[in-house]
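Q: Take a look at the following structure, please.
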Amino acid sequence: MKPETLRRYKTLHTWTGLIAGMALFIAFYAGAITVFHEAVDDWAAPAAQPMTAAMLDQAPALIEAVVAQHPEAKGMLTLHVDETDGQILKAEWEDQPTDKHHAAWLDAAGKLQVVGDERSNLAELVNQLHFTAGIPEPVGTYALGIVSLLYALALISGIVIHLPALFKDLFALRIGDNLKRLWQDAHNVIGVLSLPFHVIFAVTGVLFAFHDVIFLAMNAVIYGGKGMEILQGIFSTFMPLMPAGKPAAMLSAAELIERARQLAPAMSITDVTFHNIGDEHAFAWVFGQMPGHLAGNGGLILNAVTGEVLHNMIPGERSPNWTVLYGFFSAHFGTFGGLPVKWMYFILGLAGAFLFYSGNLLWIESRRKRRQADQARNTDLMARATIGICIGACFGISATFVAAKLLPLMTREVVFWEQIVYYAVFLGSLAWAFLRGAPKAAMELLYATALATILIPVSNALVTGQHPVASILSGRLAMAAIDITAILGALAFLLIARATRRRILRGQPNSVWTTATVYG
Amino acid sequence: MTRLDWLQRIAGGVLLGLPLALALSGIVALIGPGKIEDRYLLIVYLVPILWIVILAGNFACTENRRSWLMLVAGNILGFAALVTLRIALHLS
């Protein structure tokens, strides 16, 4: 390769990385947590007296009670019957047109318990940060689509520039006095090893934002106007019947699950979603996980009145289109190999966040003026922005976890105040970084994040009495895992804060990371 | 490269790269095995993948003129092939 071409790809890598890096940091950090969406949701607002999956025979009574009080749930109501994770049985639906999320179960006396806005929406807020980086909708989704395009370019250019020395230097982790070399090595090895996953994330990220444009373009250019028809044909799979307007008796959830078991004995069913409840055209998605398949999630779409199979979406039996879609989805969300793969995706997400953070630090470091205290304005501003946005998002998310535990004690508008807490902490951190300067802000925000993160298990223990040991003893392993992960996370933030402090006090003097610079 | 050079490469990759990616995906859509509608979602993924590759590859060109020339030529060839296929398959 010509040196000139190499230089061009270096510039491309630097700038795409710098522009997209900070939004990607938030998306990856939040995405790592979103891998455990269900567990976080249950951690944030555990049901006081949950029904268990063993109480499936009560499901018809639950559905009847929900529909009587909330007729809007007739259109679509999901029954979680998770056999593996948490054993909790609950009904969930969204209000139309407000999209407000509700969950319900029957208490010991058979009375309906409904929770709405007073229930924490923590898991959904983190999920929202994953695909908008916190930028308000509808701009957020599109902004992240463009970020995904830049991310894809950064990936390709990164590989091009490291190709010449790729195999020689890949596993070289040169620990020594040259701190920049160490960071560069860590950046390279993480980037190359997680590349296949990053390619999947980038492509699905672009599609997530721009699928409508691509559908329309394909319709016109490739399919001569018949593309939308094909698309509707594919997606009508999920909505095979319209309400008939005539009432009919439905099969119970237990009967529908039994029917699905006959057809897919190996599948472990996680949820049954009813549509057109009580109508002659009622149907149900009976979905779950099939072990031993790369894209193991899928299921059956059954007529809820007759039990007839309307569509087969079982892994290995569904149509090529669904194989492609489920393949990409499970590769993006890490839903193909149970808990070990989920933890791998959690670590991949954090490693990705490190990739973007270290990329910015490397850019700043390579522009450091070693012989003068006075550093360039733009590197100093980049340092402040990187600290404010990246550490600010970590701080904001930890603070929102704590808020999810404390807010229900103070207000019924939990969902609203959770958002306020996140944005106040995030924007406050950003302002702090610009006011205090990078070195001081980095240290202070890292200590604050460590504190907020250790408060996650503390607040849970204080409010619900569920400290990790109690959680383990009562079989709530997912809850214990979140608390223990938070303890480890707090420790990690503390160590990073101390390292930052050391650099301020004893690091090489001429840098944006020392308080002696004119902008400090 | 100057700032104007960079702008040209980005504009070329975005504006001509997407139609080229569509044309190439369209050829796969029309001549692949099985029924045309069974490949639809594969093509949905193929379009952004090819677009990204073209966007990135466009920066390998040493001269702006060559970059534009290749994109335009690629589009002409790609669409010629696609239209021929569509006529041959009685799709338009």
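The values are calculated or read from the model by the stated rules, or taken from the named source; none is laboratory data. Note that the structure is predicted; figures quoted are calculated from it, not measured. Neighbour counts are summed over all protein chains in view; Cβ atoms, including those assigned to glycine, are modelled from backbone coordinates with ideal geometry.
Q: Which condition breaks for A:Gly475 when tested against (1) in a helix (DSSP H, G or I); (2) free of Cβ contacts under 8 Å to residues at least 24 places away in the same chain?
A: For A:Gly475, the exception is condition (1).
Q: While we're looking at this one, here's another question. Can you find a residue in segment A:259-272 that is in a strand (DSSP E or B) and closer than 14 Å to A:Gly307 by Cα?
A: Taking segment A:259-272 as the starting set, the residues that turn out to be in a strand (DSSP E or B) are A:268-272.
Still in the list and also closer than 14 Å to A:Gly307 by Cα: A:272.
There is at least one residue in segment A:259-272 that is in a strand (DSSP E or B) and closer than 14 Å to A:Gly307 by Cα.
Q: Which of the residues that make up segment A:219-233 are out of contact with any Leu (no Cβ under 7 Å at 6 or more places or on another chain) and buried (at least 18 other Cβ atoms within 10 Å of the Cβ)?
A: A:Tyr223, A:Gly227, A:Ile230, A:Leu231
Q: For a quick check of your reading of the model, give me the residue pairs whose first member lies in segment A:141-158 and is at the interface with chain B (Cβ under 9 Å from one of its Cβ atoms), whose second is of a type in the set (Phe, Trp, Tyr), with beta-carbon atoms closer than 7 Å and at least 6 apart or on different chains.
A: A:Ser157/A:Tyr9
Q: Among the candidates A:Pro71, A:Pro3, A:Pro60, single out the residue that is away from chain B (no Cβ under 14 Å) and free of Cβ contacts under 8 Å to residues at least 24 places away in the same chain.
A: Going through A:Pro71, A:Pro3, A:Pro60 in turn, just one is away from chain B (no Cβ under 14 Å) and free of Cβ contacts under 8 Å to residues at least 24 places away in the same chain: A:Pro71.
Q: Also, I was wondering about something else. Only one of B:Gly74, B:Gly13 is without any contact (Cβ under 8 Å) to a residue 60 or more places away in the chain and over 20 Å from A:Thr16 (Cα atoms). Can you tell me which? Walk me through it before giving the result.
A: Values: B:Gly13 fails: over 20 Å from A:Thr16 (Cα atoms).
Going through B:Gly74, B:Gly13 in turn, the sole match is B:Gly74.
Q: Anything in segment B:37-66 that is acidic (Asp, Glu) and either within 7 Å of chain A (Cβ to nearest Cβ) or buried (at least 20 other Cβ atoms within 10 Å of the Cβ) (or both)? List them, or say none.
A: Hits for segment B:37-66 are B:Glu37, B:Asp38.
Q: Let me ask something else. Condition check: assigned to a helix (DSSP H, G or I) and modelled with pLDDT of 75 or more. Does A:Ala61 satisfy that?
A: yes
Q: Looking at (1) closer than 25 Å to A:Met290 by Cβ; (2) within 14 Å of chain B (Cβ to nearest Cβ); (3) outside any loop (DSSP other than H, G, I, E, B), which one does A:Phe238 not meet, given that it meets all the others?
A: So the condition that A:Phe238 fails would be (3).
Q: Return the residue satisfying two criteria in turn: it lies in segment B:1-36 and is basic (Lys, Arg) and either in a helix (DSSP H, G or I) or under 12 Å from the mean Cα position of the chain (by Cα) (or both), and of such residues it is farthest from the other protein chains (Cβ to nearest Cβ).
A: Taking the candidates together, the pick is B:Arg3.
Q: If B:Thr62 meets every condition in (1) among the polar types (S, T, N, Q); (2) under 27 Å from A:Gly224 (Cα atoms); (3) not in a helix (DSSP H, G or I) apart from one, which number is that one?
A: (2)
Q: Just a yes or no: is a residue in segment A:357-370 more than 14 Å from chain B (Cβ to nearest Cβ), in a helix (DSSP H, G or I) and in contact with a Gly (Cβ under 6 Å, 6 or more places away or on another chain)?
A: Yes, segment A:357-370 contains a residue that is more than 14 Å from chain B (Cβ to nearest Cβ), in a helix (DSSP H, G or I) and in contact with a Gly (Cβ under 6 Å, 6 or more places away or on another chain).
Q: Might you let me know whether segment A:107-118 holds any residue that is touching a Pro at 6+ places or on another chain (Cβ under 8 Å), in contact (Cβ under 8 Å) with a residue 12 or more places away in the chain and away from chain B (no Cβ under 14 Å)?
A: yes
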